[in-house]
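Written out below as structure tokens is the structure these notes cover.
The values are calculated or read from the model by the stated rules, or taken from the named source; none is laboratory data. Owing to the predicted nature of the structure, the values given are computational and were not obtained by experimental measurement. Cβ placement follows ideal geometry from the backbone for every residue including glycine, while neighbour counts extend to all protein chains displayed. Calculation scope for accessible area: heavy atoms of the full protein, side chains included, ligands and nucleic acids excluded. Shrake-Rupley method; radii C 1.70, N 1.55, O 1.52, S 1.80 Å.
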Amino acid sequence: MKSFSKIMAYLLSLGLAGAFLGVAAVGVGYLVLAPKLPSVDALRDVELQVPLKVYAADGGLLAEYGEKKRTPLTYEEVPQAMVDAFIAAEDQRFYEHPGVDYQGLIRAIWYLVRTGEKGPGGSTITMQVARNFFLTREQTYLRKANEILLALKIERELTKREILELYVNKIYLGHRAYGVGAAAKVYYGKPVRELDLAQVAMIAGLPKAPSSLNPLTNPERARQRRGYVLGRMLEQGFIEEQAYAKAMKTPVTTAAAGEQASSVAPYLAEMVRQDMVERFGENAAYTNGYRVHTTLDVNRQKAARQALRDALHAYDERHGYRGSVDSLELKEAPELATLRERLAAYESVAELRNALVLEVGQKMARVLVAGEETPVELGMPAVEWAKPFQTRERVGAAPEKIADVLGVGDVIRLRVSGDGNYRLAQVPEIAGALVSLAPADGAIMALVGGYDFYQSSFNRVTQARRQPGSAFKPFIYSAALDKGYTPATLVNDAPVVFRDEALESTWRPENYSGQFFGPTRLRKALYRSRNLVSIRVLRDIGIPHTVDHAARFGFDPEQLPRNLSLALGSASVTPLELARGYAAFANGGFRVRPYFVTRIEDGAGEVVYEAAPARACEPCEPTDQAGATDEAANGDEGGDDGGDGGSAGESGGENAPRAITAQNNYLMNTMLRDVVQRGTGQGAKALGRGDLAGKTGTTNDQRDAWFSGFNHAVVATAWVGFDQVQPLGRGETGARAALPMWIDYMRVALEGVPERSLEQPAGLVTVRVDAESGLLTSADNPNAIFETFREGNLPDPGPSLSTGGSAEEGVESGGQGLF
């Protein structure tokens, strides 16, 4: 008995000593580790890394930049069911423990004793907050000790609600989603408040293994995990049996499209990204939760993208088929699953669908299309365009049977044509661009910088400097009107030879047709795009005056050549700069600056920038300004940077400066409307509107094709050419290669936009002139037409007036329907 007492005393002493040493060890550990723990004040003030989001004018998400998707929420914004689900799944004693669940720790220690391995257990919500904010995920004893100490510290200094708010915003939930707000949008496409119980339980089950348990990656494992969470909620009294049963029967569904970035405007989104990095620096731009609202009109943007792609495919088809992407050797009766895997190895480009030819007959081919469950059939209409490419100027014979184009094993590309059927296609080698502005203030409504951003991120709207050809002539003619020319001024369209010192050669320019037409009225010379008239006009009015005049439209004078080739559009401009110039013709004669950012909000929703673009406003200007000379109408004459930055419009919202007088603008509008009604832009008459104006542009050897046009509400510029400058091929003029793109875009862009009559400003008179001589004539002259002039700038009387007729009989004041 005495021996037993000694043994017990010894064991008790040993236990006390062990306990003392344990307490001492904990105390020493605390003294060593505690000073190194981060401040909880930093935890309160931590800024969650929220990505940069870019929005269209209608609020739709265009792009998202940053590695982590977040939608921060306050505790009050988190549904109680979501809080209950996390507590049930992750930490049922959350409201009872002081940050560390000692029962869970004991289970974890017992697991270590039994297996000799570190294992799960004992990690509370508070400990997860500590780990996610401050510590690495490495499983070491030191990390666990730090985690425990920090969790205890957090619980002493933060309330349970504050801890839960940090947790639901910080926890990683798969697919780049951090926090329940982002997860709700990633997996279900809606805010967290709209989730049902099954969806709440699904998200609450993700922290255990977010990459493998989420419903996008593994729906079956996600369903099982959801069932576990629902069961825990039922056991702990958070839900009733009926709600449990209903949620358990709910199918696993997702809406991965959620608030996903649209791919409709990647070029403009990239412009926003660059602008934000320039404003705030790369780190802040991507992590501070900025929300950038843009001027982009999604419907017009979609139309612009489709118009560009259709135009480039049309050009591509005119110049022949370059052959299949690849050719595979197929075994007899291959399995479709195997073929799909082989097909998946080929790059996807734009809207094109990769396909594999399985069978070829006389008039039909059977092909496996990526994304289709079963093979589809292609008939002759799908390939009839595919004459073999030989050169830019020549193609081979038209195919007579499918086998002339396709062979078994060919990997090809298809696109969906206007009738909804598949059509043979290829990635266009030709490039293009389209940009559309609101003339009133320069807002960019649509911008497509190329066929496919992911194939080539080079933004041809803002980065491609090309010669505009005849599309630059309106600025030459406007400068001529400023120098006293009239739409009826005769200029000789005849051969001429120049010794131009600036060009250091003898120059023999000619018209596109190679013909000469003699004395030609200025109006007709513009709508017929007569090169020799433009050259003679420029030589007469002077290059310095013309360069200064063009600069008023926003063109950079440094990019304008100081020689007579300027008359034929040898300047170097971007499509955006040309669109900006035409915007002045569309808005009454004012120079606006293109911009694309309307508002920037920080992560807290505070507006940190709001655009205040200068606007065209004729009623706002002094009464003597609209009728002033062009020189007097301009406070400055120099161009600027073209306005292709997001900061455009930071001028304070004042009235835009005049580029040209109202009279000059009216005359140019009537002349540019004639381009559409009777000139090189007649294809635009297909839109059935009388308020369209514009100008085609074609450079030497058809290296660039343009159309820039407008009405009062929309201005758009379309360009087609090769990135490495080379001829497009015979007949590929602006009217053929670029105008169809413009027409297709404007058909959508002008839906619901009423026609507006062109109001004739004061200071102009409309009289009869002889169509051949341009001189004043009488009403009985069968060759008489109406023309409009500035007061005091009428042409001389013609011979017919000697009979006593009056040139001003039937003078029109509105100027409508005359041309």
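One residue alone among 398, 440 is closer than 30 Å to residue 585 by Cα and surrounded by fewer than 22 Cβ atoms within 10 Å (Cβ to Cβ), and that residue is 440. Residue 376 meets all of the listed conditions (1) touching a strand residue (DSSP E or B) at 6+ places or on another chain (Cβ under 6 Å); (2) among the hydrophobic types (A, V, I, L, M, F, W, C); (3) buried (at least 22 other Cβ atoms within 10 Å of the Cβ); (4) over 30 Å from residue 656 (Cα atoms) but one, namely (3). The selection criterion, being more than 30 Å from residue 429 (Cα to Cα), out of contact with any helix residue (DSSP H, G or I) (no Cβ under 8 Å at 6 or more places or on another chain) and modelled with pLDDT of 95 or more, does not hold for residue 518.
As for region 229-245, it holds no residue that is over 17 Å from residue 89 (Cβ atoms) and surrounded by 14 or more Cβ atoms within 10 Å (Cβ to Cβ). Of all the numbered requirements in (1) over 35 Å from the mean Cα position of the chain (by Cα); (2) closer than 25 Å to residue 785 by Cβ, residue 529 misses one, and that requirement is (1). Pairing each residue of region 721-737 that is aliphatic (A, V, I, L, M) with any residue that is open to solvent by less than 20 Å² (accessible area, probe 1.4 Å), provided the two are 6+ apart or on different chains, yields C-beta distances under 6 Å for 735/696; 737/315; 737/705; 737/720. When region 468-488 is filtered for residues that are assigned to a loop (DSSP other than H, G, I, E, B) and under 21 Å from residue 593 (Cα atoms), only 468 remains.
Tell me which residues, restricted to region 748-786, are small (Gly, Ala, Ser) and assigned to a loop (DSSP other than H, G, I, E, B). Of everything in region 748-786, those that are small (Gly, Ala, Ser) and assigned to a loop (DSSP other than H, G, I, E, B) turn out to be 752, 757, 762, 763, 771, 773, 774, 778, 779. For region 728-767, a residue qualifies if it is farther than 23 Å from residue 693 by Cβ and either open to solvent by 50 Å² or more (accessible area, probe 1.4 Å) or touching a Phe, Trp or Tyr at 6+ places or on another chain (Cβ under 6 Å) (or both), and exactly one does: 730. Against the test of being open to solvent by 60 Å² or more (accessible area, probe 1.4 Å) and on the phi > 0 side of the Ramachandran plot, the options 409, 418, 371 yield a single qualifying residue, 371.
Evaluation of residue 490 against the conditions (1) open to solvent by less than 10 Å² (accessible area, probe 1.4 Å); (2) among the aliphatic types (A, V, I, L, M); (3) farther than 19 Å from residue 551 by Cβ shows that the sole unmet condition is (1).
Listed by first and then second residue, the pairs linking a residue in region 770-783 that is in contact (Cβ under 8 Å) with a residue 24 or more places away in the chain and hydroxyl-bearing (Ser, Thr, Tyr) to a residue that is part of a loop (DSSP other than H, G, I, E, B) and surrounded by fewer than 20 Cβ atoms within 10 Å (Cβ to Cβ), with Cβ atoms under 9 Å apart and 6 or more places separating them unless they lie on different chains, are 773/783; 777/771; 777/783; 777/805; 778/804; 778/805; 778/806; 778/809. Can you confirm whether residue 506 is in contact with an Asp or Glu (Cβ under 9 Å, 6 or more places away or on another chain) and over 30 Å from residue 321 (Cα atoms)? So residue 506 fits the description; yes. Here the condition is being more than 24 Å from the chain's Cα centre (by Cα) and surrounded by fewer than 17 Cβ atoms within 10 Å (Cβ to Cβ); of 589, 569, 514, 605, it holds for 514 alone.
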